[in-house]
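Before any comments, here is the structure.
Every read-out reported here was derived from the displayed coordinates using simple, explicitly stated rules and does not represent laboratory data. Quick caveat: nothing in here was measured; it's all calculated off a predicted structure. Glycine also receives a Cβ, built like all others from the backbone with ideal geometry; neighbour counts cover every protein chain displayed.
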Amino acid sequence: MKLWLIIRHQIRLFSKTLNILVLLIAAPLFLIFTFGQAFSAIWDKGGFDFRALDYFGITLLTLVVFNGAQIASWGIHKEKKSNTETRLSLAPIKKDTVLFGTFLGTWIILSLLTFLLVFLAHFILSVDYGPSIGPVLLLLAAETLLAVSLGVSLAFLLQEKAANALLQSLIPLICFLGGCYAMIPESGVLHSVSFISPLRWVNLALMASARGGDNRYLLPALLFCAGLSALFLALTGIRLRRHS
């Protein structure tokens with residue numbers, strides 16, 4: 001019951017920031033359309049077996065979803081500034097309950113926004129996500145899980161400036177290694193280093209799903225995201241208990 005109260009409070013917090021929610025939908029659609037049109041000629045000359053619009057419909061989508069870590073962190077720090085954290089510390093609610101309730105509430109609202117974005121990109125921009133939408137939504141839910149766990153964990157453990165600085169350094173690096181900004185070469189140092197980025201596996205799994213073939217990247221992508229999420233939350237929970 002207490003967990004649900006925290007979840008519901010977090011959902012209400014984000015539902016009140018309609019300008020941010022609208023921006024999270026409108027900006028990615030604009031970027032996907034712009035990049036898809038701008039690079040279509042290059043894609044045609046390159047002889048790729050998928051359109052530029054479909055490529056950026058995946059990579060820019062995962063880029064935006066992973067930036068949900070900053071949204072999650074912002075929500076926590078907003079609550080700290082309104083003294084919600086202080087009031088909760090005086091209430092008979094365990095810190096673990098606050099942590100996981102905040103995480104689940106943020107994950108639910110950002111997952112729903114991500115799913116909405118997928119449907120809009122498909123029906124408005126005609127982005128092809130493949131014959132089955134199930135694996136796509138599952139992968140994006142796992143990526144959102146990772147993004148939210150990272151943002152929430154850093155917000156609980158660090159001050160706002162330190163958390164923001166770390167996120168602003170980590171997110172572009174992980175996205176770059178994941179191929180969100182440009183294609184990763186098939187060999188070389190960059191190709192080898194890219195294996196540490198969970199977005200590499202998510203993007204590869206999404207592209208394989210879009211082509212409707214054997215998706216050998218699906219399970220590694222899900223395990224990578226779920227494993228890191230569990231690790232972030234577990235370490236944060238342990239740290240909070242030690243300082244309670």
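If you build a Gaussian network model of the chain, linking Cα atoms that sit under 10 Å apart, which residue out of Leu204, Leu170, Leu117 swings the most?
Leu170
May I ask you to evaluate 6.51 cos²θ - 1.76 cosθ + 1.60, the Karplus curve with θ = phi - 60°, for each residue of the range 19-27 and list the ³J(HN,Hα) values in order in whole Hz, giving x for glycine and proline?
Using θ = phi - 60°, the values come out as 5, 5, 5, 5, 5, 5, 8, 5, 4 Hz.
Listing Ile42, Ile171 from the residue with the fewest other Cβ atoms within 10 Å to the one with the most, what is the order?
Ile42, Ile171
By the 4.7 Å beta carbon criterion, which cysteine residues of the chain come out unpaired?
Isolated Cys, the chain: Cys225.
Calculate the translational D of the chain in whole µm² s⁻¹ from Stokes-Einstein, where the hydrodynamic radius comes from the Kirkwood formula applied to all Cα pairs, the temperature is 10 °C and the viscosity 1.306 mPa s.
Estimated diffusion coefficient is 85 µm²/s.
Place +1 on the Cβ of every Lys and Arg and -1 on the Cβ of every Asp and Glu in the chain, take the dipole about the Cα centre, and give the residue among Phe224, Phe33, Thr106 whose Cα lies farthest towards its positive end.
Thr106
Please identify, among Ile25, Ile71, Ile196, the residue showing maximal mean-square fluctuation in a Gaussian network model of the chain using a 10 angstrom Cα cutoff.
Largest GNM mean-square fluctuation: Ile196.
If I model a spin label as a point 7 Å beyond the Cα along the Cα-Cβ vector, how far apart are those points for Leu5 and Ala27 in nm?
Result: 3.4 nm between the two label points.
Of Gly179, Leu158, Ser194, which is farthest along the charge dipole of the range 120-244 in the positive direction, counting Lys and Arg as +1 and Asp and Glu as -1 at C-beta?
Ranked along the dipole, the leading option is Leu158.
Put a dot 7 Å past each Cα toward the Cβ at Lys16 and Leu137; how far apart are the dots in nm?
The modelled label-to-label distance comes out at 3.0 nm.
How large is ³J(HN,Hα) for each residue in the range 138-149, as worked out from phi by the Karplus curve 6.51 cos²θ - 1.76 cosθ + 1.60 (θ = phi - 60°), to whole Hz, x for Gly and Pro?
After applying 6.51 cos²θ - 1.76 cosθ + 1.60, I find 5, 5, 5, 5, 5, 5, 4, 4, 5, 4, 5, 5 Hz.
Hey, what number do you get for the chain at 222 nm if only DSSP H runs of n ≥ 4 count, each worth -39500 (n - 2.57), divided across all residues, to the nearest 500?
-26500 deg cm²/dmol
Gaussian network model of the chain, Cα springs within a sub-10 Å range: biggest mean-square fluctuation belongs to which of Phe115, Phe56, Phe66?
Phe115
Run the dipole for the chain about the Cα centre, Lys and Arg Cβ at +1, Asp and Glu Cβ at -1, nothing else charged, and hand back the magnitude in debye, nearest 20.
Rounded to the nearest 20 debye, it is 1180 debye.
Return a single number: how many Lys pairs in the chain, at a sequence separation of 8 or more or on separate chains, have alpha-carbon atoms below 13 angstrom apart.
Lysine pairs meeting the criterion: 4.
For Glu160, Glu186, what's the fewest-to-most ordering of other Cβ within 10 Å of each Cβ?
Glu186, Glu160
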